[in-house]
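Taking it in order: structure first as C-alpha cells, then the write-up.
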Amino acid sequence: MSRIGRKPIVIPAGVEVVVDGNAITVKGPKGTLHSNFHPLMTVKVEGNEVLVTRPNDEKQARSLHGLTRTNISNMVEGVMHGFEKKLEVQGVGYRVAKQGSNLVMNLGFSHQVIVSETEDIKIEAPDANTIIIKGIDKQKVGQFAAEVREKRPPEPYKGKGIRYAGEHIIRKEGKAGKGK
C-alpha cells in the first residue's frame with residue numbers, strides 16, 4: 001500500500017474542500033484552486049480530513065494513488081501559504097529590475113529580456129541579482145521559474161546565468177594552453 005497515498009490530508013482552519021465527482025475545489029485565504037483527478041481514485045472529505053483511496057492494487061491504481069494525494073495536499077498548502085521559487089542571477093553586468101508588472105533583465109544580450117507577471121504568478125526583485133516567483137499553484141510557479149531560468153541558463157565554464165537558489169553547477173575546466 002502506498003505510504004504517501006494512505007496518509008490523510010488535514011484541512012486547516014479557513015480552508016474549504018469540495019469534491020464533485022472527479023473534480024476538486026479548494027478555497028482558502030490566498031485564493032481558489034480547481035483540479036480534476038483520475039476517475040479510478042476515490043476522494044472523500046471526512047470531518048477535517050481528505051482521504052484518497054484506490055479500488056485495487058493494479059499498477060496504474062498504485063501509481064495514481066500517491067500522485068492524487070500529493071496534488072490535493074499541494075492545493076491545500078498553496079491556498080493556505082502559497083509557494084515561491086527563488087532564482088539568482090550571476091555574471092558581470094547581469095541584473096534584474098521590476099518595472100510595473102514586468103521583470104526587466106539585462107543578461108548580456110544586445111537587448112533587455114522582459115517577462116510579465118500573470119494573474120496567477122507574482123514576481124519580486126528585492127535586489128539586482130535575485131528574483132522571487134510566488135503563486136498558489138505549485139506546478140505553475142515551478143513552470144514559470146523554469147521559463148525564466150531558460151532565458152539564460154548557467155553555463156559550465158564561468159557559471160554565469162540564472163540559477164535556482166542553492167543550485168550547484170558542475171563546472172568544466174577551460175581550454176588547456178600550449179605547453180611551454
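With angles folded into 0 to 90 degrees, how steeply does helix 138-149 sit against the dominant principal axis of the chain? Use alpha carbons for both and round to 10. Between helix and principal axis, roughly 10 degrees. The loop-placed trypsin sites (Lys or Arg not before Pro) in region 3-53, going by DSSP, that have at most 12 neighbouring Cβ atoms within 10 Å of their Cβ come out as 3.
Just to confirm the filter: which chymotrypsin sites (Phe, Trp or Tyr not before Pro) across region 39-116 are DSSP coil and have at most 16 other Cβ within 10 angstrom of their Cβ? When the chymotrypsin sites (Phe, Trp or Tyr not before Pro) of region 39-116 are filtered for loop state and at most 16 Cβ neighbours within 10 Å, 109 remain. Using a probe of 1.4 Å, the accessible surface attributed to residue 77 totals some 80 Å² when neighbouring protein chains are kept in position.
Residues 163, 62, sorted by accessible area with the largest first, give 62, 163 [1.4 Å probe; ligands and nucleic acids excluded].
Axis of helix 59-80 versus longest Cα principal axis of the chain: the two differ by about 70°, to the nearest ten degrees. Only Cα pairs under 8 Å and 6+ residues apart enter the sum, and on that basis the relative contact order of region 1-143 stands at 21 percent. If you take all other residues with their beta carbon under 13 Å from the beta carbon of residue 49, and give Lys and Arg +1 and Asp and Glu -1, the sum is +3. Comparing 64, 78, 92 along the charge dipole axis of region 52-94, the residue lying farthest to the positive side is 64, per the Cβ-charge model. Show which lysines lie in cross-link reach of residue 59 when reach means a straight Cα distance below 23 angstrom and same-chain residues fewer than eight apart are skipped. List returned: 7, 44.
What's the ranking of 64-72, 114-122 by average number of surrounding C-beta atoms within 10 Å, highest first?
Ranking the peptides 64-72, 114-122 by packing returns 64-72, 114-122.
Along its principal axes, region 35-132 has C-alpha extents of 58, 30, 19 angstrom, given from the largest down.
Between residue 132 and residue 92, the simple label model (points 7 Å from Cα in the Cβ direction) yields a spacing of 3.1 nm. Here the dipole of the chain is about 1080 debye; that uses its Cα centre as origin and unit charges on the Cβ of Lys and Arg (positive) and Asp and Glu (negative). Based on protein heavy atoms only, the chain ends up with 62 Å² per residue of surface accessible to a 1.4 Å probe. The three principal axes of the Cα atoms in the chain give end-to-end lengths of 73, 45, 22 Å, sorted in falling order. Count Lys and Arg as plus one, Asp and Glu as minus one, and take only other residues whose Cβ is under 15 Å from that of residue 165; the net charge is then 0. Segment residue 84..residue 104, full-extension length gain: 5.3 nm, with 0.36 nm per residue of separation and the alpha-carbon distance subtracted.
What net charge do the residues around residue 108 carry, taking every other residue with its C-beta under 14 Å from that of residue 108, with Lys and Arg at +1 and Asp and Glu at -1?
Counting the neighbours of residue 108, the net charge comes to +4.
Of the solvent-accessible surface of the chain, computed with a 1.4 Å probe and all protein chains present, 48% belongs to carbon and sulfur. The modelled label-to-label distance for the pair residue 38/residue 143, using points 7 Å beyond Cα in the direction of Cβ, is 2.0 nm. Considering only 80, 41, 105, the mean-square fluctuation computed in a Gaussian network model of the chain, springs between alpha carbons under 10 angstrom, is largest for 41. Sparse packing (at most 15 other Cβ atoms within 10 Å of the Cβ) combined with a DSSP loop state is found for the following chymotrypsin sites (Phe, Trp or Tyr not before Pro) in region 127-168: 157.
Dipole magnitude for region 75-180: about 860 debye, using +1 per Lys or Arg Cβ and -1 per Asp or Glu Cβ, origin at the Cα centre.
The values are calculated or read from the model by the stated rules, or taken from the named source; none is laboratory data. Keep in mind the model is a prediction, meaning the values are calculated, not measured. Neighbour counts run over all protein chains shown; Cβ positions are idealised from the backbone, glycine included. Accessible surface areas use protein heavy atoms only, side chains included; no ligands, DNA or RNA. Shrake-Rupley method; radii C 1.70, N 1.55, O 1.52, S 1.80 Å.
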